[in-house]
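One structure is given here, and the rest of the page talks about it.
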Amino acid sequence: MRRLYLVIALLLAVAALSWWLAARGGRGVPREESFSLNEVLGGTAAEGFARAEKPRRFAFPEDHGPHKGFRNEWWYFTGNLKTAKGRIFGYQLTFFSAALTPAAVQRESAWGSNEVIMAHFAVTDVDGRRFRFAERFSRAALGLAGAGGRPLSVKLEDWSLLETSRRPWGVRLAAADADMAIDLELSGLKPEVLNGEGGLSRKSATPGNASYYYSIPRLATSGTIRVGGESFRVKGLSWLDREWSTSALDRDQQGWDWFALHLDDGRDIMYYQLRKKDGSVDPFSSGTLVGAEGGSRHLKREEVRLEALSWWKSPKSGASYPSAWRMRIPAQGIDLEIAPRLADQELVTGFRYWEGAVAVRGSVGGSGYLEMTGYPAPSSRE
């Protein structure tokens, strides 16, 4: 689930986008947080949209493409990359598709569309001690944005995802904004992994409050990153999260903490902790442990122990986020400390969240990405 959960994860993103565009009827970039998590995700799901209610049969590469009839869908890429001299970068490129109506509606205007695309792009320059991010969105009209085709293409203006191979699955990611850019080739080192109950990720006991969710946990990655006026050749590992749904968070759910970790012994961990308003951990928190050879097993809430070790206060929003975590999975001999590569990797976009590159130490080393949502600012409505 994602991220930001989101699940992670980012149901918030596409839902916020739908509400924002419906209210304003156009295209643009919100300059500051517009919605709280509970305003966007609370309440019942929209009528007429398909629901994730039971396990389904997945087929690849077809399921890498869009799924019409659902309200929300995203393609979520994150990664940790290095130069030959050891300079470290993190990146995030995420495309969200939000349907405004369950089915396409005939419109006279060339701008008419029942779908909007939003994207978030961020680069963490660890040695340069700087985090950059940008947000864009547009109606899927006039060639400005869209998702589909064979090979798969997802684009928002000049930000794009283009499928380059079917097995192993490969893509090219390209995005540029102001003083940052990426041009990366990704190729799967492990097959698709179904999260939850055979790909059905339940977020609460409410029927249909779930998503279809799979990951490609390891993608070999190479290409270029530009920060400021400098370009760097980089290599490393990326992670893809894919979800589609129509569900909303239950009213007592506040946010989530989502981890995607590449361990040096070849294993990978995805885990999301859903948090309730009273501070307790929701029993529907869960994850997936992927073996070095690609096999996987579901992680239940009671198998994973998470502890926030320290906190960081954002100078931009005033919100406080955990700045170090301990994750233990005793049955698997896993005991990890997870720390941000930079403290400030907070995105203040149409909604606010923290997402960034992390380092892993403990029983085994590694790297990964962490997303944290629903941490209120002093004047927040959350």
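Restricting attention to strands (runs of 3 or more DSSP E) lying wholly within segment 342-382, give those where 1 or more residues are among the β-branched types (Val, Ile, Thr).
346-348, 352-362
Scanning for something of a type outside the set (Ser, Thr, Tyr), outside any loop (DSSP other than H, G, I, E, B) and over 20 Å from residue 80 (Cβ atoms), does segment 277-291 turn up at least one residue?
If we filter segment 277-291 for residues that are of a type outside the set (Ser, Thr, Tyr), which is where we start, we get 277-279, 281-284, 287, 289-291.
From what's left, outside any loop (DSSP other than H, G, I, E, B): 281, 287, 289-290.
Then keep just the ones that are over 20 Å from residue 80 (Cβ atoms); that gives 281.
Yes, the conditions are met somewhere in segment 277-291.
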Flag for residue 215 being under 19 Å from the mean Cα position of the chain (by Cα), polar (S, T, N, Q), in a strand (DSSP E or B) and at pLDDT below 95: no
Residue ID - surrounded by the most Cβ atoms within 10 Å (Cβ to Cβ), chosen from residues in segment 170-228 that are among the hydroxyl-bearing types (Ser, Thr, Tyr) and more than 20 Å from residue 64 (Cβ to Cβ): 204
Filter result (of a type in the set (A, V, I, L, M, F, W, C) and closer than 18 Å to residue 171 by Cβ) within segment 60-71: 60
Single condition residue 349 does not satisfy, out of (1) within 29 Å of residue 214 (Cβ to Cβ); (2) out of contact with any helix residue (DSSP H, G or I) (no Cβ under 9 Å at 6 or more places or on another chain); (3) of a type in the set (S, T, N, Q): (2)
Condition check for residue 84: at pLDDT below 90, farther than 13 Å from residue 145 by Cα, surrounded by fewer than 18 Cβ atoms within 10 Å (Cβ to Cβ) and of a type in the set (A, V, I, L, M): no
Any hit, segment 132-139, residues being among the polar types (S, T, N, Q), closer than 21 Å to residue 101 by Cβ and touching a Leu at 6+ places or on another chain (Cβ under 7 Å): yes
Filter result for residue 302 (at pLDDT 95 or above and not in a strand (DSSP E or B)): yes
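Per-residue answers, yes or no, for (1) at pLDDT below 95; (2) crowded, with 17+ Cβ neighbours inside 10 Å; (3) under 21 Å from residue 135 (Cα atoms):
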site	(1), (2), (3)
320	no, no, no
326	no, no, no
331	no, no, no
338	no, yes, no
346	no, yes, yes
349	yes, yes, yes
Residue count for segment 120-145, restricted to those that are crowded, with 19+ Cβ neighbours inside 10 Å, among the small types (Gly, Ala, Ser) and at pLDDT 95 or above: 1
Residue match in segment 40-55 (condition: surrounded by fewer than 19 Cβ atoms within 10 Å (Cβ to Cβ), in a loop (DSSP other than H, G, I, E, B) and at pLDDT below 50): yes
Checklist (1) at pLDDT 95 or above; (2) over 19 Å from the mean Cα position of the chain (by Cα) applied to residue 260, failing item: (2)
Unmet criterion (only one of (1) touching a helix residue (DSSP H, G or I) at 6+ places or on another chain (Cβ under 9 Å); (2) over 24 Å from residue 280 (Cα atoms); (3) surrounded by 24 or more Cβ atoms within 10 Å (Cβ to Cβ)) for residue 373: (2)
Check on residue 288, at pLDDT below 95 and β-branched (Val, Ile, Thr): no
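The values are calculated or read from the model by the stated rules, or taken from the named source; none is laboratory data. Since this is a predicted model, take the numbers as computed values, not measurements. Glycine also receives a Cβ, built like all others from the backbone with ideal geometry; neighbour counts cover every protein chain displayed.
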